[in-house]
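Notes for the one structure printed next.
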Amino acid sequence: MKKYIEEIVRQAKVRARQESDAEPEPGLISPVQWPVNCDVKQGLEGAITGQTEIGYVNGPKGWLIYRGLDCFDLSEHSTFEETSYLLLFGKLPSKTEMDEFMAKLNSYRTLPDEALRLLDSLPVKSAHPMSTLRTIVSALGMMDPNSDVTTVKAETEVAIKLIAQIVTITGAIARIRKGEKPLAPDTSLSLAADLVRMMTGKMPNEEDARIMDICLILHADHGMNASTFSAMVVNSSLSDMYSSIVAGIASLKGPLHGGANEAVLADLEEIGSVDNVQAWYSLSKVGKRRVMGFGHRVYKAYDPRARILHPLAELLSRRDPNVRRLYDTAAELEKWVVGDLGKEKGIFPNVDFYSGIVYTAMGIEKAMFTPIFAVSRMSGWGARALEYLKNNRIFRPRAVYVGPLHVEYVPIEERS
Ligand code: CMC
């Protein structure tokens, strides 16, 4: 079974390489000489925040690497835990290092009782799961007596702890939303397999466990995206790692960022079937409505993560006619959007377009899709915040003031 999945990833890589070779963009991988000259557009497009050894995204070619390793190769051979180690520590671990890392992750997987009690007291069923996740991570900071120690060593420990604990929190939120008691983590399982088990209440089969692992690998890091930048900005004030991750979660929640995976499924449900795609897409164009799961600030080619998730969604859709309908609708919508906006604006499916179909096939409800993204991106947030902390300077850009000058103060009783 696993071999079949790995073959799907290999084939996705072959297709990607046939369409473009993977070479760095000139000038985009060399040491930064401050002050740096760059063209900055609205939304800080083009702005350079610093230099990094963590990950590289080549937008024109659709190439993503973590610490020099291709995301296709990591998806084929690695695990989320190993990829997290790679992002945090800069190299693939030796066997001993991996065993130690796993032991540490496992030691942190159980949530403190206070956190479980807090979850019990919150309106978990009605609140968005990202709001609950944000609140519990914030509370975990209050429960950790060392949370305000902002050395690289102490913050590294918190990052590892949160990689483990966000999995358990996400599992607990999914269960409580369904009126069930949270399940305790099972450290004999990988984080990916245990995430599926704790969310669905069922032991995942080998196929689901492996595919969830690939999903977590693919979402782990992605350059200066909004949530990573948010986490780094907070950490740069020497706040603390918990606060930084809370900022990351808060930013990821929005539908223009991680929240798009949930929005995609809502769109696919609204469209209903392949037959309605053309009319729905025409209407969305007339209404200037964005098609969720398409477009990207950096990618102007097919997102390599979507290249992998698309065939995995197709594979899982074979099990259930409802999931098949979602998949067929998505594949048809992709044809319309890419056929129209692909060449003209470089708009292709992004990582969020097929991930929700994969999670639906695993029996996971739509509202939990973005927390799964957070489970994975926790590694990237931690790695990037720590890398910046090693040579920290507080982030402090400028805005251009365009308001009035020299306005006279008028007392309240004299104002019209
Ligand atoms: N559907 C239709 N048109 C689009 C879309 C879309 N999804 N995305 C961009 N465009 C058009 C946009 O209207 C604009 O056209 P024009 O130049 O004629 O005004 C052009 O493409 C450039 O758009 P932009 O808003 O300047 O691009 P951006 O880099 O600021 O935004 C984005 C990037 C991801 C927010 C945007 O593509 C979008 O809103 N996509 C839908 C939401 C989505 O899928 N988000 C997930 C992103 S990937 C996962 C992650 O990292 O979060």
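General observations
- Here the dipole of the chain is about 380 debye; that uses its Cα centre as origin and unit charges on the Cβ of Lys and Arg (positive) and Asp and Glu (negative).
- Of the residues Glu206, Glu7, the one with the largest accessible area comes first in the ranking Glu206, Glu7, computed with a 1.4 Å probe on protein heavy atoms.
- In Å², nearest 10: area of His310 left accessible to a 1.4 Å probe: 40
- Segment 4-46: proportion of alpha-carbon pairs further apart than 17 angstrom, %: 60
- Cα-based reach from Lys153 at 30 Å (exclusive), listing lysines while leaving out same-chain residues under 8 positions away: Lys91, Lys95, Lys104, Lys161, Lys253, Lys390
- For segment 336-344, the Karplus equation 6.51 cos²θ - 1.76 cosθ + 1.60, evaluated at θ = phi - 60°, returns couplings of 5, 5, 5, x, 8, 9, x, 6, 5 Hz by residue, with Gly and Pro reported as x.
- A crude spin-label estimate for the pair Ile394 and Val338, with each label 7 Å from Cα along the Cβ direction, gives 4.7 nm.
- Sorted largest first by accessible area at a 1.4 angstrom probe radius, with every protein chain in place, the residues Ser138, Ser20, Ser379 fall in the order Ser138, Ser20, Ser379.
- Accessible surface of the chain [probe 1.4 Å, protein heavy atoms]: carbon and sulfur percent: 54
- Proportion of all alpha-carbon pairs of segment 261-361 beyond 15 Å (%): 58
- Contour excess over end-to-end distance, with Cα ends at Asp73 and Ala154 and 0.36 nm allotted per residue: 26.0 nm
- Reciprocal mean inverse distance between Cα atoms of segment 172-246 - Kirkwood radius, Å: 14.5
- Efficiency of FRET from Cβ geometry, Asn146 and Lys95, R₀ 30 Å, rounded to 0.05: 0.50
- Cα centre as origin, Lys/Arg/Asp/Glu Cβ charges: segment 261-361 dipole, Debye: 380
- Candidate aspartates and glutamates - alpha carbon under 19 Å from Lys181, same-chain residues fewer than 8 apart omitted: Asp113, Glu114, Asp120, Asp194, Glu365
- The value obtained for the chain, namely the Cα convex hull volume divided by the number of residues, is 194 Å³ per residue.
- Spatially, segment 111-130 and segment 149-213 are offset by 15 Å when compared through their Cα centroids.
- Taking each of Lys178/Lys285; Lys285/Lys366; Lys125/Lys202; Lys13/Lys202 in turn, the alpha-carbon distance tops 27 angstrom for Lys178/Lys285; Lys13/Lys202.
- Ordering Arg415, Arg117 by accessible surface, largest first, gives Arg117, Arg415; the 1.4 Å probe counts only protein heavy atoms, with every chain in place.
- Annotation: per residue accessible area for segment 261-361 equals 43 Å², rounded to a whole number [probe 1.4 Å, protein chains only].
The values are calculated or read from the model by the stated rules, or taken from the named source; none is laboratory data. Keep in mind that this is a model prediction, so the values were computed, not measured. Glycine also receives a Cβ, built like all others from the backbone with ideal geometry; neighbour counts cover every protein chain displayed. We work out accessible area using only protein heavy atoms, side chains counted, and drop any ligands, DNA or RNA first. Shrake-Rupley method; radii C 1.70, N 1.55, O 1.52, S 1.80 Å.
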